[in-house]
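Visitor: My questions all concern the structure below.
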Amino acid sequence: MGSYREILQALHAAPVEFIIGGGVACVLHGIEVDMFLKADLAYESLLPDSEWIDLDGLEVRVINRRRLLAIKLAIQPRARRTPWILSS
């Protein structure tokens with residue numbers, strides 16, 4: 001599998017319209033979060049709340065900080081399951 005840069009370059013070359021969201025968008029904005037996404041995240045829904053950023057010379061669209069925070073605050077984490085413990 002290629003690096004994120006190779007993937008983004010391939011999408012640009014296609015050309016494919018896309019918006020970087022979720023944990024990757026958080027990392028690109030310098031925000032560290034643990035997310036469980038359940039919100040409506042269709043491209044058309046995210047487009048008004050996205051912005052272009054330069055990623056080492058590659059322009060990519062990313063969900064803006066305000067929308068990222070709104071998505072994060074609306075998330076209801078799933079209950080953690082008890083992990084299976086295997087013994088030998």
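No lab work stands behind these numbers, since they all come straight from the coordinates. Small disclaimer: the values here were computed from a predicted structure and weren't measured. Please note: Cβ atoms are built from the backbone with ideal geometry, for glycine as well, and neighbour counts cover all protein chains shown.
Visitor: Once phi is turned into θ = phi - 60°, what whole-Hz ³J(HN,Hα) does the Karplus curve with 6.51, -1.76 and 1.60 give for every residue of the stretch 64-69, x standing for Gly and Pro?
Guide: Ordered by residue, 3J(HN,Hα) equals 6, 4, 4, 5, 4, 5 Hz.
Visitor: In a shell of Cβ-Cβ distance under 12 Å around Ile53, excluding Ile53 itself, what net charge do Lys and Arg (+1) and Asp and Glu (-1) give?
Guide: Details: positive: Arg61, Arg65; negative: Glu51, Asp54, Asp56, Glu59.
With Lys, Arg at +1 and Asp, Glu at -1, the neighbours total -2.
Visitor: Could you list which residues have their amide H under 5 Å from that of Asn64, counting only those 5 or more apart in sequence or on another chain, with H placed in the peptide plane?
Guide: So Asn64 has HN proximity to Ser50, Glu51.
Visitor: Then there's this: How far apart, in nm, are the 7 Å Cα→Cβ label points at Asp56 and Arg5?
Guide: 0.3 nm
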